[in-house]
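The values are calculated or read from the model by the stated rules, or taken from the named source; none is laboratory data. Please read all numbers here as calculations on a predicted model, not as lab measurements. Note that each Cβ is placed from the backbone with ideal geometry, even for glycine, and that neighbours are counted across all protein chains shown.
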Amino acid sequence: MECRSWCSDSAIHIVAKRQGSKRENRQLVARVAMAAALWHYAPNPKPWVTYVASDVHGPDCAPDSELVRSLLTGRFEVPPACQLLRSKANCTFLEVRWVRALARARGFRRIVALTHSYHVARAQRYFDEALPGVTVLPVDLRGLALTFRSPGQPKFYREIPLLVRQAQPGLPDLLRELVVEGLLRGLHALDPRGGLERRMADRVRPGPL
C-alpha cells in the first residue's frame, strides 16, 4: 500500500511518552491506538503515521519506536508502508523539530498530533512556533468522541475506549505531570530556542540513537 494522504499529503503523529524502567507504557499504547483508529477511519489514500522519539522502556531498555512499530503493525493493522518511525528526539522541543523535518521532506500539508490532555497546551505551542497548522488532539474519551464519527469500525475499535481510559493518569501522576509542564513552559519562556529544555532532557532521557 502506498501512503499519500486523506486530503492532501497528511500525517498522524504519535507524541512520545517516557516511562523509564516501568514495564508498561499505557499512555503511549493509548496514543498508538488512537492514531491507528484515525488511520483506519481516513479514506484512501491513507495518511502516514509518524513517531520520532528516542525513548526506551523497561528493564531491558527496549526502544519505544519498536513498541510503536509492533503495535501498529500487529495489534492495530497499520501497514509498515504507512509508518515513518525514527529514534531521534529526547524532548518535545526536539520532537517538534523532527516532525517539521519530516513534513518538509515528505511535503505534508496536514498533520494531527496525539498526546494526553496535560501535555496538549505545550505541544500545541511548540508546533505553532515551528510548524503552524498542526492540530494537537487530546487522547481521552472526549477526544475520542470528537474524532470518530464514521459508521465503520476497525476490528479493534472496541478496545480503544478501554485503553484510553486506563491510560489516564491518576491524581498523583497528574499533579506531577502538571508541575513538570509548568516548569517546562517556564523554561521555554526564558529560552525559546530550547537550549535549557534540551540540556534538562539529556540528564533524564536518552539522547538520539
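Residues of segment 45-70 that are in contact (Cβ under 8 Å) with a residue 12 or more places away in the chain and more than 19 Å from Val204 (Cβ to Cβ): Pro45, Lys46, Pro47, Trp48, Val49, Thr50, Tyr51, Leu67, Val68, Arg69. Within segment 76-119, the set of residues being in a loop (DSSP other than H, G, I, E, B), modelled with pLDDT under 95 and under 14 Å from the mean Cα position of the chain (by Cα) comprises Asn90, Cys91. Where residues in segment 183-204 are loosely packed, with under 12 Cβ neighbours inside 10 Å and part of a helix (DSSP H, G or I), which of them is nearest to the chain's Cα centre (by Cα)? Among them, the one singled out is Val204. Would you confirm whether or not segment 77-98 contains a residue that is within 30 Å of Leu171 (Cα to Cα), in contact with a strand residue (DSSP E or B) (Cβ under 8 Å, 6 or more places away or on another chain) and small (Gly, Ala, Ser)? Among the residues of segment 77-98, at least one is within 30 Å of Leu171 (Cα to Cα), in contact with a strand residue (DSSP E or B) (Cβ under 8 Å, 6 or more places away or on another chain) and small (Gly, Ala, Ser), which makes the answer yes. (1) touching a His at 6+ places or on another chain (Cβ under 9 Å); (2) modelled with pLDDT of 95 or more: which one isn't true of Asp140, the others all being true? Only one criterion in (1) touching a His at 6+ places or on another chain (Cβ under 9 Å); (2) modelled with pLDDT of 95 or more is unmet by Asp140, namely (2).
Entry remark, segment 158-174: residues being surrounded by 12 or more Cβ atoms within 10 Å (Cβ to Cβ) and either assigned to a helix (DSSP H, G or I) or of a type in the set (S, T, N, Q) (or both) number 10 in total.
Going by the conditions given, is Gly152 out of contact with any Cys (no Cβ under 9 Å at 6 or more places or on another chain), modelled with pLDDT under 90, of a type in the set (Gly, Ala, Ser) and closer than 21 Å to Arg75 by Cα? Yes. Selection within segment 52-66: residues that are under 13 Å from the mean Cα position of the chain (by Cα) and not in a loop (DSSP other than H, G, I, E, B). The member of this set that is nearest to Arg23 (Cα to Cα) is Asp64.
Annotation: of all residues in segment 71-130 being of a type in the set (Gly, Ala, Ser) and in contact (Cβ under 8 Å) with a residue 40 or more places away in the chain, the one that is farthest from Val29 (Cα to Cα) is Gly107.
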